[in-house]
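The values are calculated or read from the model by the stated rules, or taken from the named source; none is laboratory data. Computed from a predicted structure; not experimentally measured. Note that each Cβ is placed from the backbone with ideal geometry, even for glycine, and that neighbours are counted across all protein chains shown.
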Amino acid sequence: MKRFTSVEARIDAAAHAVLDRLPAHGLSGALVEFAVFGLKQAWACLFGGALLFLIIATKYVWPEAAALARYDFLLLAALALQVGLLAGRLETFAEAKVILIFHLVGTAMEVFKTGAGSWIYPEESFFRIAGVPLFSGFMYAAVGSYIARITRIFDMRYTGYPALWATGLLSAAIYVNFFSHHFVADVRLALFAATALLFLRTVVHYRVFRFRHRMPLLLGFLLVALFIWLAENIGTWSRAWIYPGQANGWTPVSISKLGAWYLLMIISFVLVTVVHRPRAVDDEPDVPPGG
């Protein structure tokens, strides 16, 4: 797996021309490593960050009487963004496939959940299925895009990673429960327990700049889920979609939703492993800085 596209490789080389001159150890070295970590995270969020920016911007500047509905504009903008990333070689075609899979999986869930009254899209649009505007699938795709990109640019490797068939079964059970708990018992607690047992010993090893760091994968899932929950608060505040309790005015999304996003993270991560297969730390020689 290549860490960078051709354009990213040139950006990386230019960055190293500057960063290699900076201190490698002590507080200064730690600050350099932290700054690179933040920049890489921002780069990984390129698709999702751009989409979130458009959601916020259209809340303020989109005219109510516009011929093109706000949701339809967001769909066209997301498609244009996707084409632009591929044409500019800022994203790989493998990652684009992940985004397509997430769009389909997410849209199917949206159609069911809005039909069940879990949340609604309060504005009209032309491009929609039932009560779901098609741009909504890209919000799920943004999660997949982020995970695929961090896997690549942080050169992620693992110790104690479970068998792929086991992670596939777990993610399938989680996805089914998102639907089935409306009709039968919610087995979310059992799924949390299964997730903990399956990934308890899994550690992700990732390279930031000069050094390779490590973190329990379960903690990584939680941190990303928290980030998505914060983004969801921004999305509902902008009324891109709302929960029933927000119909008369915005209130923060319940922290209980964090559990749902945590489980969605499992599905997201497992789907990405279809494209970027998990590699052990000793699978191949480590990629040196600037390599």
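Of the helices (runs of 4 or more DSSP H) contained entirely in region 105-220, those carrying at least 1 residues that are β-branched (Val, Ile, Thr), touching a Ser or Thr at 6+ places or on another chain (Cβ under 9 Å) and surrounded by 14 or more Cβ atoms within 10 Å (Cβ to Cβ) fall at 136-153, 164-180.
Every condition in (1) exposed (fewer than 12 other Cβ atoms within 10 Å of the Cβ); (2) part of a loop (DSSP other than H, G, I, E, B); (3) not charged (D, E, K, R) holds for Leu90 except the one numbered (1).
When region 111-142 is filtered for residues that are aliphatic (A, V, I, L, M) and at pLDDT 90 or above, the ones remaining, listed by number, are Val111, Ile120, Ile129, Val132, Leu134.
Sub-9 Å Cβ pairs linking a first residue in region 255-275 that is free of Cβ contacts under 8 Å to residues at least 12 places away in the same chain and among the small types (Gly, Ala, Ser) to a second residue that is buried (at least 23 other Cβ atoms within 10 Å of the Cβ) and not in a helix (DSSP H, G or I), at least 6 apart or interchain, number zero.
Taking first residues from region 58-78 that are in contact (Cβ under 8 Å) with a residue 12 or more places away in the chain and partners that are of a type in the set (Val, Ile, Thr) and assigned to a helix (DSSP H, G or I), the Cβ contacts under 6 Å between residues at least 6 apart in sequence or on separate chains come to Arg70/Thr58.
Consider region 23-38 and keep the residues that are at pLDDT 80 or above and over 16 Å from Arg212 (Cα atoms). The one that is surrounded by the most Cβ atoms within 10 Å (Cβ to Cβ) is Ser28.
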